[in-house]
Amino acid sequence: MNNKKYLKINEFAKLCHTTKDTLLHYDQKDLLKPEYTAENKYRYYSIEQFFKYNLIALLKGTESTLEEIKEALNAREPERLLNLIEERMEQLKNEQKEIAKRISMFSTLAALSKKALTQEYDTLFFEKINEETIYLSPIRTAEDINQMKTYTLCLSDFLLDYINHEHTPVLPLGMLVTKRDIAKQRFTVNYFFSKTSEHEKAQVKIIKKGRYACWLHKGKMDSQEQACHTFLDILKKQGYSLKSDLFLFDQMNYLIDATNEELIINYAIKIGKKKQQGN
């Protein structure tokens, strides 16, 4: 052995945060052989081999097979190794995007659940809502939404439409009653919606930034219409002008036992300044 610094297999395994068995396996596969093997069969590794092990571990962590890694390392063609690294880097970027989507979904789900569990029901409150783009999906007929069973079928159609266009709906889901129907005092749910900015063929609508009056109600479908009328009547009596469609945000209903046929809905409508009350 020359004067170069070598590490015993146990020392090298510790440096690489791996096991002796893994290094022996890589040796058998001709993937990472010791730089020096003594007459007594003791294996010794150089410090420089740490970087090769680290590259192998990185590639293996992206689901590259040991054979793929071995071929790329032993090809003596830097371009081949570079291609494998770039392929795995692109794969990691795509995985990163998916993880970011899941984090966003969980964050929204947690916020919806917290509101549903802590906000008082059937009480007027106000929220500032930032501008958002939503994707609208028409409901087949107004009557479909009045019963839990047909409501579920309508929701399934809505989600299937997303799947057919290779997109995932973004929480929160919701329903919409148009400003025209509100003026006629009709509780007609015309659309399902989800937040989106990707669907090329979407029928889109902007939820404008501003101050919204809100009303959280828990109950069966037949009680939702009465809750809507109560909410809007209170706003009118207090002199608020209504400036938008009515948005019905679904609150954690995917976490509730559907057998009780109850929904938690957060009603939200943009409001203007209070009208001057007559003397």
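The values are calculated or read from the model by the stated rules, or taken from the named source; none is laboratory data. Quick caveat: nothing in here was measured; it's all calculated off a predicted structure. These accessible areas exclude ligands, DNA and RNA; they are computed on the full protein's heavy atoms, side chains included. Shrake-Rupley method; radii C 1.70, N 1.55, O 1.52, S 1.80 Å.
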Report summary line: The answer for region 39-145, accessible area per residue at 1.4 Å probe in Å², is 71
Report summary line: A 1.4 Å probe over the protein heavy atoms gives region 40-139 a carbon and sulfur accessible-area percentage of 54
Requested in this report: Please work out the Kirkwood hydrodynamic radius for region 85-127, using every pair of different C-alpha atoms, and report it in angstroms with one decimal place.
Outcome: 13.1
